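Visitor: Below you'll find the structure I mean.
The values are calculated or read from the model by the stated rules, or taken from the named source; none is laboratory data. Everything numeric in this text was worked out from a predicted model, so none of it was measured. Using ideal geometry, Cβ is built from the backbone for each residue, glycine included, and neighbour counts are taken over all protein chains shown.
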């Protein structure tokens with residue numbers, strides 16, 4: 001290579017470096033932290049391209065928050081990135097607020113402190129973490145509210161354990177006279193009255209061995225566990241599961257041991273592929289989590305679709321009563337900039353009726369943009385008011401030929417997709433929507449420019465056409481209330497799996513006895529739903545002209561703690577192929593023209609099942625009463641298909657429809673069967689007749705017919721009649737899904 005070539009290369013390099021150094025400065029202004037959502041506590045300006053190329057980038061990490069007894073709030077964050085000292089001696093900054101988080105003051109910078117948790121114990125202020133990335137475990141204390149801190153020198157002053165350790169901030173908890181804190185996928189604990197600066201006070205549990213075969217071979221690793229505690233569950237560590245919206249319940253048996261059952265203790269949790277904050281609230285008896293669920297609008301963003309752990313532009317509050325079943329309560333932060341914005345590593349403290357939330361935030365505020373959402377330039381403070389009663393703040397807006405749903409947040413509106421589930425409504429698509437309205441019962445009305453008025457429930461299921469709306473239309477944008485409590489609507493936007501929360505409106509997978517699964521207008525021509533796990537629910541409602549088929553390796557248990565379980569069919573003909581068990585009294589109600597075929601095993605399991613309605617019910621699999629009760633209305637027959645296996649070990653109760661008074665010669669059909677039924681009911685309870693009349697049940701097991709005859713029964717009848725034993729009636733509440 002000659003001198004001229006070398007000189008030319010040098011000039012080119014200098015030119016490129018000049019562009020990197022000068023160009024961005026010419027194009028970007030100074031950062032303005034007032035553009036960020038919430039209250040900015042700490043700010044580390046995003047690096048230029050040149051600083052990144054030279055390994056000088058630093059970012060805000062590891063947000064942590066604690067409340068002092070005097071009401072002051074303490075927060076901390078560290079600095080990470082190639083330009084930081086994370087690999088040798090980490091740096092953590094401490095801040096203090098005395099006005100409920102409205103303003104903050106920087107009080108200390110701690111050298112040799114990284115990935116740290118600030119917390120209060122026995123009235124004292126502590127910070128526990130690591131000397132650096134993969135460093136010693138250390139703890140410090142402060143007696144002046146976070147201005148000065150002890151230095152961990154040895155095992156008597158805060159050097160807890162030497163070696164290569166790591167973890168992220170989480171809330172310490174107290175249980176059975178010990179203080180517990182998560183250490184990645186292990187637990188550390190110490191007696192509550194011990195000197196926390198002494199290494200001898202602390203016990204570190206053994207980890208749970210991880211297996212790549214878990215979760216159908218999708219599991220890679222878990223980390224960044226959050227400790228929670230409740231009287232019922234004890235101490236449980238909740239880690240994130242890499243790239244999957246799952247957590248795991250790692251239960252503490254002793255300070256040295258954790259227990260985990262891979263068949264029972266994996267829990268689907270929206271946003272749990274990222275580190276989340278978690279705590280138990282003794283007031284409500286619920287667990288709360290702040291996490292980053294992936295909105296459907298961003299699920300397929302091209303460079304993030306295989307790495308959902310990097311999608312952090314949405315922050316949501318979730319709750320659970322038992323750690324297994326989680327509900328998204330509300331989205332409180334959102335930015336449409338999925339590439340540069342993130343509200344992540346969320347931690348929080350209870351502040352009366354509010355949650356005081358801390359976030360490692362990436363946000364465009366002027367200056368250089370964060371390279372990725374992961375690369376935070378801010379630590380921000382947010383408040384969720386009255387969190388125990390938090391609810392989504394949704395609005396609908398007509399945009400073009402669609403009605404879209406949004407949720408208002410403390411930042412920008414979160415897009416929740418098309419409101420109208422399905423594509424055709426009474427045979428025609430939505431055509432030029434013009435105005436919106438919602439009545440006091442929650443039903444939403446959409447008026448098209450042509451005058452047609454369509455009626456939907458609050459989840460977006462189509463209910464039918466209306467001649468008019470009972471309330472005034474409010475224009476093209478409308479704030480709406482949520483669906484009735486316990487109603488969970490299938491949207492099917494992700495897969496065919498029942499167990500996938502994203503397939504249900506607002507991640508509302510039905511999986512508790514208080515919840516009703518609604519299969520409405522999301523499917524135009526019908527859909528097959530895979531019941532992939534055992535689920536216990538209140539019941540199912542079908543309200544769609546298309547046919548739904550529910551099948552799979554899992555099973556459904558139907559029952560409610562304080563009411564009846566239910567199978568309701570308003571429209572269409574639908575099929576249940578998965579095994580079904582009843583855990584309490586239940587009813588099947590099928591409207592005229594609709595039908596339900598139960599082709600899998602149906603176990604009444606000693607309780608009662610009532611069938612009503614003018615539609616058709618066909619049983620084609622195993623039907624077992626199990627010493628239970630089958631309640632039928634005379635003249636509304638159940639169909640037993642060719643392949644049915646009937647076990648009539650229980651009671652048949654026959655009721656008369658309202659207004660029907662049997663007369664001599666009347667015949668009522670109870671069953672339509674392809675062949676005579678085998679076996680017999682243990683008891684048959686029939687309605688009481690007028691004097692001189694009796695029931696003839698001779699044809700009950702052959703044609704399914706009972707007949708009113710003169711008393712006594714004519715000679716040759718082989719059956720005797722049994723008087724009605726009065727039972728409490730199973731109620732049926734008319735559904736708003738019935739078409740008007």
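Visitor: What number goes with the only condition from (1) modelled with pLDDT under 95; (2) within 14 Å of residue 689 (Cα to Cα); (3) crowded, with 16+ Cβ neighbours inside 10 Å that residue 660 does not pass?
Guide: Residue 660 satisfies all of (1) modelled with pLDDT under 95; (2) within 14 Å of residue 689 (Cα to Cα); (3) crowded, with 16+ Cβ neighbours inside 10 Å except (3).
Visitor: Looking at 182, 163, can you tell me which residue is surrounded by fewer than 16 Cβ atoms within 10 Å (Cβ to Cβ), part of a strand (DSSP E or B) and at pLDDT 95 or above?
Guide: The unique qualifying residue is 163.
Visitor: Does residue 560 satisfy the criteria of being assigned to a strand (DSSP E or B), at pLDDT below 95 and either under 28 Å from the mean Cα position of the chain (by Cα) or closer than 24 Å to residue 422 by Cβ (or both)?
Guide: no
Visitor: Output yes when any residue across segment 83-96 is farther than 19 Å from residue 376 by Cα and free of Cβ contacts under 8 Å to residues at least 40 places away in the same chain, and no when none is.
Guide: no
Visitor: Where in segment 359-442 are there strands (runs of 3 or more DSSP E), lying fully within it, with 1 or more residues that are touching a helix residue (DSSP H, G or I) at 6+ places or on another chain (Cβ under 8 Å)?
Guide: 378-384, 414-418
Visitor: Taking segment 325-337, which residues are surrounded by fewer than 21 Cβ atoms within 10 Å (Cβ to Cβ) and in a loop (DSSP other than H, G, I, E, B)?
Guide: 325, 336, 337
Visitor: Within segment 220-253, which residues are within 19 Å of residue 272 (Cα to Cα), over 20 Å from the mean Cα position of the chain (by Cα) and part of a loop (DSSP other than H, G, I, E, B)?
Guide: 220, 221
Visitor: Within segment 682-697, take every residue that is free of Cβ contacts under 8 Å to residues at least 40 places away in the same chain and crowded, with 18+ Cβ neighbours inside 10 Å and give me the one that is nearest to residue 629 (Cα to Cα).
Guide: Only one residue tops the list, namely 684.
Visitor: Could we say that residue 651 is at pLDDT 95 or above and either under 25 Å from residue 553 (Cα atoms) or out of contact with any helix residue (DSSP H, G or I) (no Cβ under 6 Å at 6 or more places or on another chain) (or both) here?
Guide: Taking the combined requirement at face value, the residue satisfies it.
Visitor: Please go through segment 381-402 and pick out each residue that is touching a strand residue (DSSP E or B) at 6+ places or on another chain (Cβ under 7 Å) and free of Cβ contacts under 8 Å to residues at least 24 places away in the same chain.
Guide: Those that are touching a strand residue (DSSP E or B) at 6+ places or on another chain (Cβ under 7 Å) and free of Cβ contacts under 8 Å to residues at least 24 places away in the same chain: none in segment 381-402.
Visitor: Here are 134, 145, 123, 155: which of them is touching a helix residue (DSSP H, G or I) at 6+ places or on another chain (Cβ under 9 Å), in contact (Cβ under 8 Å) with a residue 12 or more places away in the chain, more than 14 Å from residue 188 (Cα to Cα) and surrounded by fewer than 20 Cβ atoms within 10 Å (Cβ to Cβ)?
Guide: Exactly one residue qualifies, and that residue is 155.
Visitor: Strands (runs of 3 or more DSSP E) wholly in segment 34-117 with at least 3 residues that are under 27 Å from residue 164 (Cα atoms) and modelled with pLDDT of 95 or more - which ones?
Guide: Result: 59-67, 73-80, 91-97, 105-111.
Visitor: Of the conditions (1) farther than 24 Å from residue 528 by Cβ; (2) free of Cβ contacts under 8 Å to residues at least 60 places away in the same chain, residue 598 fails just one. Which one is it?
Guide: (1)
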